[in-house]
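See below for the structure under consideration.
The values are calculated or read from the model by the stated rules, or taken from the named source; none is laboratory data. Because the structure is a prediction, the values reported are computed rather than measured. Neighbour counts are summed over all protein chains in view; Cβ atoms, including those assigned to glycine, are modelled from backbone coordinates with ideal geometry. Ligands, DNA and RNA are stripped out before the accessible areas are found, and what is left, the full protein with its side chains, is counted by its heavy atoms. Shrake-Rupley method; radii C 1.70, N 1.55, O 1.52, S 1.80 Å.
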Amino acid sequence: MSGIDTLPPLRQVIDDHGIAAKKSLGQNFLLDLNLTAKIARLAGDLSQCDVLEIGPGPGGLTRGLLAEGARRVLAIEKDSRCMPALAEIADAYPGKLEVINGDALDVDPLAHLTPPIRIAANLPYNVGTELLIRWLTPQEWPPFWSSLTLMFQKEVAERIVAQPGSKAYGRLALLAQWRTDARIVLHLPPEAFSPPPKVHSAVVHLTALPEPKYPADPKKLEQVVARAFNQRRKMLRAALKGMAPDIEDRLLASGIQPTDRAETVSLEQFCALSRNLSAG
Ligand code: SAM
């Protein structure tokens, strides 16, 4: 028996249902239910929220979220081998857990959940960044979720919270910090997972701000930042040359030196430049 519920330990669940980890699905499972309950607590008060979980696998974090009192959980898992194990959890928490066997990139969570919605996941590395960018870049803000509590490779987590002047600073930092308060809340060594991955991991908690820190059109900001960091070693007057014939004047009007490189430019300056470029 585990400490958080009366279901079998995860190692037994994996053996009983033949869920040997598959590399192709990014499967590195968390087997310590105290740890999954801790991650669920880092997601905040769940009692008044629906929770979206991507990639529940054998259900360690799912069990943590439910034991911590989530109002409802929608878990989207691509691997059909995990369905019987997840059905056992649904039986133990009647009416609280809905499981979809599918690709998280194809499911509209709002068809299944009622706001306020928090998202919590030990993300499959192959879709993690794509999902994060999607959640951060809707045209309208605030988004459908109020917080994200996500496990990433440590290097990706550091890119999300990076400050100007550091090597990790770039597109992810700017998009995350423009519209959320983003913090690393937990570091985990490879041994926390089965099988252990080659890299360290970290949990990032992002809280959606009521409005972005500085005004800008999301598409324009994404475009400017993508171009600026695509050639991060170039001076901005060269990296952004194609964006406007008078790019040097526009950079200066936004408080940026044309000879600056992307990694020294602040979020506020990138937003000013996006507004200038949107103005035509
Ligand atoms: N949450 C479990 C845990 O913490 O032990 C498993 C985490 S494992 C890193 C990632 C999980 O995401 C795997 O179960 C994998 O099958 C699933 N997965 C991979 N790609 C997916 C996708 N596109 N949509 C939904 N689930 C996916």
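Per-structure values
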read-out	value
Helices (runs of 4 or more DSSP H) within segment 133-237 that include 1 or more residues outside the structural domain of residue 116 (by TED's automatic domain parsing) and in contact with a Gly (Cβ under 6 Å, 6 or more places away or on another chain)	218-230
Some residue of segment 169-188 being over 19 Å from the mean Cα position of the chain (by Cα), in contact (Cβ under 8 Å) with a residue 24 or more places away in the chain and either open to solvent by less than 10 Å² (accessible area, probe 1.4 Å) or away from the ligand (no atom under 16 Å from the Cβ) (or both)	no
Test: residue in segment 205-222 that is among the acidic types (Asp, Glu), out of contact with any Cys (no Cβ under 7 Å at 6 or more places or on another chain), open to solvent by 10 Å² or more (accessible area, probe 1.4 Å) and without any contact (Cβ under 8 Å) to a residue 60 or more places away in the chain	no
Number of the exception - residue 228 against (1) more than 26 Å from the chain's Cα centre (by Cα); (2) open to solvent by less than 10 Å² (accessible area, probe 1.4 Å)	(1)
Subset of segment 36-64 [within 9 Å of the ligand (Cβ to nearest atom) and more than 19 Å from the chain's Cα centre (by Cα)]	58
Within segment 245-261, tally of residues that are within 10 Å of residue 277 (Cβ to Cβ) and in a loop (DSSP other than H, G, I, E, B)	1
For residue 127: the one exception among (1) more than 22 Å from residue 11 (Cβ to Cβ); (2) crowded, with 21+ Cβ neighbours inside 10 Å; (3) β-branched (Val, Ile, Thr)	(2)
